[in-house]
Amino acid sequence: MNTSSLVEQEIRIEQSCNQRSREGESTTLRYFIWTIGCQMNKAESQRIAGYLDAAGHQATTSFSHADLVVLNTCVVRQSAENKVLGTLGLLKGLKDRNPNLQILVTGCLVNADTQELRRGFPHVDLWFKPGDYSELISWSQKRGIPIKHRVNLPRAFSPCAFIPIIQGCDNFCSYCIVPYRRGREVSRPLGEIVCEVEQLVNRGIKEVTLLGQNVDSYGHDLPGHPDLADLLNELSNIDDLLRIRFLTNHPKDITLKLIDTMASLNKVCEHLELPVQSGDNDILKAMRRGYTVERYRELVRTIRSKVPQISLSTDIIVGFPGETEEQFERSLALVKEMRFDAIHVAAYSPRPGTIAWREYEDDVPAEIKKERLHKIEELQAAIAGDINSQLQGQQVEVLVEGKKREKWFGRTRSNKLVFFQDAGDWLGQLARVQIEKTSPWSLIGQVKK
Ligand code: SF4
């Protein structure tokens, strides 16, 4: 469902819901968190929900049922920003009808200077920077709205939890707005992360995904400089934690120590997100990525030799300023050569304030960008289809995350999405599934008991 239809639907819901919220007059609020963007945003939304739950507030399923709305925003691409702005505009209508509605905004839309945002959207009650929960807490204290900081745990929706380990990014890739919005890298202390994961495991969590814009930078700003490999070693000692993942890695920063640690620790899943962005060295240079195609190729060779079962995902941007047909063909050729398990492909869109926006003309026509995007998607669908078809008839281990349309679903260690049908209760269990049908995007099978 796109944002506009979602919000239109919200507006159609009867006003009585808002009426009820005014009549309630208690400090228990119904809240709704709207999230768009990356896993980091999803993790932060879970964390905010954890704070609100701990204070006794209740989650609701829509804007119009809520007394408090949190928009967790993304502006990495123009399309995401448009959705955010559209949703903010439509929330104004809800606030006009229910002035008691509290609207809070976080995520990448919120930069250091919120003055302009406050002028443009006076119906928003609080703008707080991503991960800056102290601003949220002090706002809530002033309003007499209880929000409890003491429970520093994300809410567990499934046996899998996302754990931010490092905020911000120091890299300044030329196309990327993230460092301007999320600021410089700040790592969470290793002990704090281990303690949080232990508590989550005590509550039934079986798998954690460690998150950062660049997890390979983890720890450089901490006393003693622990790194991601050290953190993985510590987390591996937690009994009953079955699986550990992490994302996103940076090809210029990933170390041999990390690859060796992945290879040696059973609990670390054979899955890496390693964005290449382009198959052309001049484009990579203009993107300020800090590696060449040759270095990336060598890295993949090393990873595959040390972790043979590795499943690799990547990101590619097409239509970067000045990208010629020949340069695009190099990206296409790299995709063919690398045989990634998954690709997130995006058409370049200039983000005001970035280096690319300042220095380069967005000169690749929209229809060419679209065409290139489709070419990568089409090629990748064939490659992923072929890779997945090799699992036909095989048994795979699936950690079951939930049920959708009568089918259980979960992921393999290599991050393949698997569905199966069974009358038993499999939530949070490891299931052995015999694969019967494959597609580029998912697998279907029978559970073996
Ligand atoms: S590594 Fe580059 S693309 Fe990734 S968040 Fe940092 S600046 Fe953005």
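The values are calculated or read from the model by the stated rules, or taken from the named source; none is laboratory data. All values reported here derive from a predicted model rather than from experimental measurement. As a convention, Cβ positions derive from the backbone with ideal geometry for all residues, glycine included, and neighbour counts pool all protein chains shown.
State whether one or more residues within the range 58-66 are modelled with pLDDT of 90 or more and in contact with a Gly (Cβ under 6 Å, 6 or more places away or on another chain).
no
I'm trying to understand the selection: among the residues of the range 158-196, which are within 16 Å of the ligand (Cβ to nearest atom) and among the acidic types (Asp, Glu)?
Passing the criteria: 170, 185.
Only one residue in 216, 260, 230 is near the ligand (Cβ under 10 Å from one of its atoms) and either part of a helix (DSSP H, G or I) or within 20 Å of the chain's Cα centre (by Cα) (or both), so which one is that?
It is 216.
Name every residue in the range 325-372 that is modelled with pLDDT of 95 or more, out of contact with any strand residue (DSSP E or B) (no Cβ under 9 Å at 6 or more places or on another chain) and of a type in the set (Lys, Arg), in order of residue number.
330, 336, 358, listed by residue number.
Any idea which of (1) at pLDDT 90 or above; (2) under 21 Å from residue 181 (Cα atoms) is the one residue 78 doesn't satisfy?
(1)
If residue 191 meets every condition in (1) in contact (Cβ under 8 Å) with a residue 12 or more places away in the chain; (2) part of a helix (DSSP H, G or I) apart from one, which number is that one?
Exception for residue 191: condition (1).
Could you please give the count of residues in the range 73-122 that are assigned to a loop (DSSP other than H, G, I, E, B), surrounded by 20 or more Cβ atoms within 10 Å (Cβ to Cβ) and small (Gly, Ala, Ser)?
Of the residues in that region, 0 qualify.
Taking the stated definitions as given, is residue 313 modelled with pLDDT of 95 or more, closer than 14 Å to residue 342 by Cα and within 16 Å of the ligand (Cβ to nearest atom)? Give the derivation first.
Working: modelled with pLDDT of 95 or more: yes; closer than 14 Å to residue 342 by Cα: yes; within 16 Å of the ligand (Cβ to nearest atom): yes.
Considered against the rule, which asks whether it is modelled with pLDDT of 95 or more, closer than 14 Å to residue 342 by Cα and within 16 Å of the ligand (Cβ to nearest atom), residue 313 comes out as yes.
Report yes if residue 405 is surrounded by fewer than 16 Cβ atoms within 10 Å (Cβ to Cβ), modelled with pLDDT under 95 and basic (Lys, Arg), otherwise no.
yes
Restricting the range 278-319 to residues that are polar (S, T, N, Q) and touching a Phe, Trp or Tyr at 6+ places or on another chain (Cβ under 8 Å), which is surrounded by the fewest Cβ atoms within 10 Å (Cβ to Cβ)?
313
Determine whether the range 181-197 contains at least one residue that is within 26 Å of residue 300 (Cβ to Cβ) and crowded, with 18+ Cβ neighbours inside 10 Å.
Yes, some residue in the range 181-197 is within 26 Å of residue 300 (Cβ to Cβ) and crowded, with 18+ Cβ neighbours inside 10 Å.
Answer yes or no as to whether residue 222 is modelled with pLDDT of 95 or more and either surrounded by 18 or more Cβ atoms within 10 Å (Cβ to Cβ) or within 16 Å of the ligand (Cβ to nearest atom) (or both). Step through it out loud before you land on a result.
On the way: modelled with pLDDT of 95 or more: yes; either surrounded by 18 or more Cβ atoms within 10 Å (Cβ to Cβ) or within 16 Å of the ligand (Cβ to nearest atom) (or both): no.
Answer is no for this residue.
Residue 107: touching a residue at least 60 places away in the same chain (Cβ under 8 Å), within 16 Å of the ligand (Cβ to nearest atom) and within 16 Å of residue 50 (Cβ to Cβ), yes or no?
Criteria not met by residue 107.
Does residue 146 count as within 14 Å of the ligand (Cβ to nearest atom) and either surrounded by 14 or more Cβ atoms within 10 Å (Cβ to Cβ) or assigned to a helix (DSSP H, G or I) (or both)?
So residue 146 fails the test.
Which of the residues that make up the range 277-308 are away from the ligand (no atom under 15 Å from the Cβ) and either among the hydroxyl-bearing types (Ser, Thr, Tyr) or touching a strand residue (DSSP E or B) at 6+ places or on another chain (Cβ under 9 Å) (or both)?
279, 292, 300, 302, 303, 304, 305, 307 - these are the residues of the range 277-308 that are away from the ligand (no atom under 15 Å from the Cβ) and either among the hydroxyl-bearing types (Ser, Thr, Tyr) or touching a strand residue (DSSP E or B) at 6+ places or on another chain (Cβ under 9 Å) (or both).
Condition first: touching a Cys at 6+ places or on another chain (Cβ under 9 Å) and buried (at least 23 other Cβ atoms within 10 Å of the Cβ). Now tell me which residues in the range 62-71 satisfy that. Break it down into steps so the answer makes sense when it comes.
Start the filter on the range 62-71 by keeping residues that are touching a Cys at 6+ places or on another chain (Cβ under 9 Å), which leaves 62, 64-66.
Across the range 62-71, the qualifying residues are 64, 66.
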